[in-house]
Every structure is written in C-alpha cells, then in structure tokens.
1. Cut-off 10 angstrom, C-alpha nodes, Gaussian network model of the chain. Which of Lys339, Lys16, Lys319 fluctuates the most?
2. Whole number please: convex hull volume per residue, Cα atoms of the stretch 62-209, in Å³.
3. Based on the Cα atoms of the chain, what semi-axes does the equivalent ellipsoid have, where each is the square root of 5 times one gyration tensor eigenvalue, given in whole Å with the largest first?
4. Could you pull out every whole DSSP H run in the chain that spans at least 20 Å of Cα extent along its own axis and averages -1.0 or higher on the Kyte-Doolittle scale?
5. Amide H neighbours of Ser336 under 5 Å, at least 5 residues apart or on other chains, H built in the peptide plane: list them.
6. Points 7 angstrom from Cα along the Cβ direction at His72 and Lys145: gap in nanometres?
7. Modelling each spin label as a point 7 Å along the Cα-to-Cβ direction, I'd like the Glu208/Ile361 distance in nm, to one decimal.
8. Calculate the FRET efficiency for Lys62 and Ser236 from the Cβ-Cβ distance with a Förster distance of 30 Å, rounded to the nearest 0.05.
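Bear in mind that the values in this text are calculations on the coordinates, not laboratory data. Worth saying up front: this structure is predicted, and the values here are computed from it rather than measured. Note: ideal-geometry Cβ built from the backbone for every residue, glycine included; neighbour counts use all protein chains shown.
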Amino acid sequence: MDVVDIINDLKSFRRKDIPYSRVLSSMCTSPHPIAVKAHQLFIETNLGDPGIFVGTWELERKLISMIGKLLHKNDCAGYICSGGTEANIQGIRSARNLKRVKKPNIVIPKSAHFSFEKIGDILGVRIKRVGLDEDYRVNTSEVEKKIDKNTIAIVGIAGTTELGQVDPIDELSEIAIEKDVKLHVDAAFGGLVIPFMDKKFPFDFELEGVSSITIDPHKMGMATIPAGGILFRDESYLRALEVETPYLTSKYQYTLTGTRPGASVASAYAVLKYLGFKGMKRIIERCLKNTILLVEEMQKLGFEPVIEPIMNVVSFKTKKAEKIKEELYKRRWVISTIKEPRAIRMVIMPHVNEEIVLNFIEEFKRVIKSINAI
Ligand SMILES: *Cc1c(COP(=O)(O)O)cnc(C)c1O
C-alpha cells in the first residue's frame, strides 16, 4: 500500500469513532492544542532509558515537582505512568513491599475504581471493602474496624469515578497515622479538579497520613494519552519498587512498564505551563458551570442527581438507566450508567461546552419520550 492509501485506510477506521463532542461518559478529553505540539516534539523519546533521554528525564522531574507543589509537597517523589490503574497498582505495591506480611490486605471504599480488582489479583493482596454513608463517602469507623495486623494500606478516593464524591481523607489520614498503615489517595480524576475549586477538600500531602496519590494528567490535565501520575511522600517508596536493570543506562528501575513515553510527559508539562494555576482554574470553573446547567435542565425533566454534584461528574437516578443509555447510543450520544443506585452518569469534561449540553438535552428529551422514561 502507498502512503495515500494507508492514510485513507486509517481515516476510514477513525471515522467510525464517536467524536468527543457527543461523549458525556468519559473522563478523558481532546488534548489541549499545546499538548499535541509538545507530544510531537517528544514523539520518539523513551523514559525507560533515562541515560539516553537526559532532557526528557529532567522534564519529568520538573513535572513531578510542579504537580507536587499543587499537592502541598514540593519535594515529593514519583513518575508519570500509563494511567490511574498503573498508579494505583504502584501505590499499593510500594506499601506491600515496605511492610512484608504473609497475608497482606488493604481496606478500600466500596466506591473504589475497578482497578483495585486487578490489584488484588496481581499483587496477591486481599481486598476488604467498606460501606459508604448516605452521601456515598466511605464509612470511616468501619475502615478503622477492618484494619488488622496484616493491613498494609487503606485507600481513600478524592473524586469517585461514579459520583465525583470525596472521601473524608482527613479522617482517614488520622486513622492511618494511629494504626501505622499507609494511606493511598486515588485522585486520578479529582487531583486536577479539587485544587482549583473554591470549596476546599483536604486530600493531599498536606495531611500527614497521606503516603501516595494517584493523579492523572490524561483526565482533567488535558494531556495526551497515556499520562497517569503516581506521587509518593518521599523517595523511600520508589526504592521499595526498584529492580536491577543490567543492560540499560540506569542501574535500577522503579516503574512498572519498561519502555515508556516521554511524549505524554511533555504534553502534560506544556499544558500546566501554558495555562498556569489561573488558566486551569478557569477551565475547571467552566466545567462546573456546565455541570450545573446540565443539572438544572435535567431537573426540569424530573431527574434528580444522586448527590449534589461536587465536581464535574454527575449521576441521575432512574430505573430505566440502561434503556436510556442504549437509546442514546443508537443516536450516537454516549453516557454511562451506575448500578448503586441505578442511575445514568455524565462527566462534563472541557470538550462538553454549553452548546453541547443543550444539544444533548434536546436529544435526551426525545429519548425519554420515546421510551416513556419519566
Ligand atoms: C479513571 C480512574 C482510574 C483509572 O485510570 P486509568 O487511567 O483509566 O487507568 C482510577 N481511579 C479513579 C478514581 C478514576 O477515576
């Protein structure tokens, strides 16, 4: 095949994808234009071999300290990984390696992301799930009760995937200190939302008990995929992850993957540099404003949010959630559903502007009429 044919072939596949302008289910979004530029500049870089990509490595250190600053710890340790899943694996793996017990377990909220299922399987760590209060935050007294001598870590979520709820991380922090276990905070989504909100939710290294944080630039950071982040309170957590690397330019490697992209590191760095704190805040505020618009329009149609939205994730109670999702999908609009309680879920990412919200509502009205879903 020649170049023109290959490109046309590729385009024909790409056309089958649903454009972000019709996607209200995803925590990912179109990368910021500056992210795309940065990505292209670093397209061939491999952070698995830092002795070759010296500058890219330095850039990653810079990005980690920028994110660290946002999370109240200038001198934190960590790296940019493939996403929230890898970040969660590494956070728990480090805790497990630092406290060698025969039958390790972790205590996590019922609202935790499904990546913790994989963690249990891969790391051989037992997962103990804790129920939620009426606002879908983890029940902290139950967390305390479930901790035993084999518990290596407890987990709190800052921005749950289903509802955007924030666990009482300050209380979890105190429990972690008292019981001498690690506290991993999964802020894959919320980590780049909460710092820019007017309402304060303590969730980061400011709290003494927090040992590691998952925070993903490829979600609200508008970086190119794959860009996840795992940050640790100090270097000792990375040391606990290291293996020897006989034939590379570095002696040890603490990352889970070997070869890994510098391009998405450059993209995440460029977005934060370009927007700065103020620019990020403006984008987050716009997302929150459009979330409120969506809620108001949905309420006019008789749908109530499961919780008063905290961030730009919102779910609306309805028994016909699955049917609504299917009907919308047939019309090339994508939302998602949750099971507990039965609800439809939307994420108002930067690509979901006011016009898209209103267009969506028009289609939504037709759908609920067609299936009598009110
Ligand atoms: C998205 C998400 C993850 C998983 O991130 P991936 O990048 O998809 O691996 C983990 N935890 C939370 C809270 C998330 O929202």
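1. Comparing Lys339, Lys16, Lys319 in a Gaussian network model of the chain, the most mobile one is Lys16.
2. Cα-based convex hull of the stretch 62-209, divided per residue, equals 105 Å³.
3. 33, 28, 19
4. Within the chain the helices that satisfy the rule are 54-70, 84-98, 263-300, 354-370.
5. Residues meeting the criterion, in which the H sits 1.01 Å from N, are Arg345.
6. So the label points at His72 and Lys145 sit 3.0 nm apart.
7. Simple spin-label model gives 4.9 nm for this pair.
8. 0.90
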